[in-house]
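Notes follow once the structure below has been shown.
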């Protein structure tokens with residue numbers, strides 16, 4: 001038979017509490033037997049005296065309790081480890097990558113793309129004004145990025161610094 005101390009427990013109607021520094025203390029045994037002979041099974045899950053992992057669900061049984069890992073975790077319920085769904089081949093939409101989270105995963109749009117409902121759409125940096133092209137360069141949007149090319153009659157590196165030819 002096991003015994004534990006429970007602090008501020010309100011459901012133990014058959015035991016008279018002892019007091020310790022102003023807090024009620026009850027001794028908990030497998031079966032709570034009342035003076036009238038009525039026996040009540042102890043619900044370890046409700047009393048939170050179970051040994052289930054923080055990422056497990058406790059289910060009360062007549063003969064004790066059972067621990068089961070929550071979705072996204074694996075183990076025996078007393079120890080639960082995160083499942084890395086990304087390594088299991090979870091498929092994210094095109095132009096995104098899988099990122100494991102505790103108990104789940106997220107699909108994150110790649111750089112240069114923005115989430116649009118269930119897809120990752122290309123950001124047109126040329127159209128939205130975020131491209132860093134020189135004023136004498138042409139901007140061309142490409143998937144996930146952009147390129148700058150100096151206009152005819154100008155030269156420069158990457159279209160970000162364009163100088164008039166002949167200068």
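Throughout, read-outs are computed from the coordinates displayed, never taken from laboratory work. This is a predicted model, so every value here is computed, not measured. Backbone-built Cβ (ideal geometry, glycine too); neighbour counts: all protein chains shown.
The figures follow:
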{"item": "Neighbour-count order for 88, 118, fewest beta carbons within 10 angstrom listed first", "result": "118, 88"}
{"item": "Gain in span if fully extended, residue 115 to residue 48, counting 0.36 nm per residue against the direct Cα distance", "result": "20.0 nm"}
{"item": "Distance from the stretch 123-166 to the stretch 56-82 (C-alpha centre basis), Å", "result": "58"}
{"item": "Binned Cα-Cα distances of the stretch 124-164, short to long, each 5 Å bin given as a whole percent", "result": "6, 32, 31, 17, 11, 2"}
{"item": "Taking 119, 74 and counting other C-beta atoms within 10 Å, the order from fewest to most", "result": "74, 119"}
{"item": "Theoretical FRET efficiency, 1/(1+(r/R0)^6), r = Cβ-Cβ of residue 164 and residue 101, R0 41 Å, to 0.05", "result": "0.20"}
